[in-house]
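Heads up, the thing below is written out as C-alpha cells.
Since every read-out is calculated from the coordinates, none of them should be taken as a lab result. As the structure is a prediction and not an experimental result, all values here were calculated from the model. No Cβ is skipped: glycine too gets one built from the backbone with ideal geometry, and neighbour counts run over all protein chains shown.
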Amino acid sequence: MSVPFSGGATSALKLRLGPFDNLYVWRDDRFQVLTYLPDGSWFPSEPNINVAEAFFVNLNQPTNWLVSTNAP
Amino acid sequence: MNRALAILLLLFSMSHGLAQGTVNFANGAAGVDAPVWLDRQGQALSGESWRAELFLIMTDGVKKRIRDATPFVNDRIPGYFMGGLTVVPEVAPGRAVTLEVRVFNLDETYEGISNPINVVLGGDKFPPSNLVGLRSWIVAPSTPQLSVLSTDGSLILRWKLEFQRAILESASSLLQPDWKPVLVDPQEKSGMQEVKLPATGEGRYFRLRL
C-alpha cells in the first residue's frame, strides 16, 4: 500500500530532470519558477513539494518519472 | 444588490489592472541555453565580478532598466546568470514586449548586449515566461563616449554613469601630450556623469582614462 510523502523534488521525489529544466509551484499568490542546473543543484533552491501540492515542469527533453512507494 | 455587484466588478478590474507581467530572467531555462562568452576566446564568463541586467525596449526605442545587476551563478556553471522571477512594471500579463540583456563587469571595462528578445509576459495566473529566442553573445572591452557641449560661456563634458571610475584628463597638445586630471568633481545628472568648466583660455583636448 502506498502512502503520501513529501520532500525535495529530485532528492526525495526522484523527479528526473535535465539541465535548465524549470519547475513551477504556486507560492505566495504567484507561480514561483525554479531551475534545475547542470551540476544537479537548483536555483534558487530545491523545491520542497508538500503532500497533495501541485506543480508542473517545463522540460527541454521528455522524461519518465516512475516512483514506487511502500508503507513503512 | 446592484451596488454590491458594481463594487465587486470594480475590485476585480482594479486587481487585473494592477497585475504586472513577469519573466524568468535567466539565460539557462527551458528553451533557453545562451551562455555569455568573454571576447572571442571561447571562454565562458566566470567569477564574481560579472553582472547581468534586463532592459525593456519601449515602443519609441528608449530602453528602461527593469532588473538591476544580477550576479552570475558560480564557477561551476560558467556563462550563466539566474535572476529568477522578474516583474515588468506597468505591463500587463499576456502582453508582448521586447527585452534586452546587458552583461558587464563591476569596473565597467567589459560589456556586451544581447539580441532583442520578443516574449509574451507571464504573470497573474500564468508562470513567468522564459527568454526564449535569447542567443549566446560575447562581452568585449567597453569604451565610454565623451560628449562636449559649449553653452553660455561654459563647457559641459558628459559620459555614461556606468564609468564612474573613469578619470577626466586634459592636455594642451596632442603632439607631446601633458595629460593631467581635471580637478573638478563630476556631478550625476540625468543618468550621466557631468563636468562643467569655464570656456576660457586656449583650446584643450580631453580624454577619459579608465
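Can you pull out the chymotrypsin sites (Phe, Trp or Tyr not before Pro) in the stretch A:5-72 whose DSSP state is coil and whose Cβ has at most 15 other Cβ atoms within 10 Å?
Details: sites: A:Phe5, A:Phe20, A:Tyr24, A:Trp26, A:Phe31, A:Tyr36, A:Trp42, A:Phe55, A:Phe56, A:Trp65; in loops: A:Phe5, A:Phe20, A:Phe55, A:Trp65.
The qualifying sites are A:Phe5, A:Trp65.
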Note: A:35-42 gets an average of partner chain Cβ contacts (10 Å, Cβ to Cβ) equal to 5
Shielding of B:85-93 by other chains, given as the mean Cβ count within 10 Å, works out to 1
Set of lysines with alpha-carbon distance to B:Lys160 below 16 Å, sequence-local pairs under 8 removed: B:Lys63, B:Lys64, B:Lys189, B:Lys196
How do B:Asp33, B:Asp60 rank when sorted from fewest to most other Cβ atoms within 10 Å of their own Cβ? B:Asp60, B:Asp33
Chain A - convex hull of alpha carbons, volume per residue in Å³: 92 Å³
Highest first, please rank the peptides B:89-96, B:158-165 by the mean number of other Cβ atoms sitting within 10 Å of their residues. B:158-165, B:89-96
Could you work out the per residue convex hull volume over the alpha carbons of the stretch B:66-189, in cubic angstrom? 182 Å³
Which residue, B:Leu38, B:Leu146, B:Leu174, has the most motion in a Gaussian network model of chain B that connects Cα atoms within less than 10 Å? B:Leu174
P(r) for the protein assembly as shown: what percent of alpha-carbon pairs falls in each 10 Å bin, starting at zero? 6, 22, 24, 20, 14, 9, 4, 2, 0, 0
Taking the 0 to 90 degree range and rounding to the nearest ten, how far is the long axis of helix B:2-18 tilted relative to the main principal axis of chain B, both from C-alpha atoms? 40 degrees
Choose one answer from B:Pro198, B:Pro35, B:Pro186: the residue with the largest mean-square fluctuation in a GNM of chain B with alpha-carbon springs under 10 Å. B:Pro198
Per residue Cα convex hull volume in Å³ - calculated over chain B: 180 Å³
Hydrodynamic radius by Kirkwood, which averages 1/r over all alpha carbon pairs of the stretch B:144-210, in angstrom: 12.3 Å
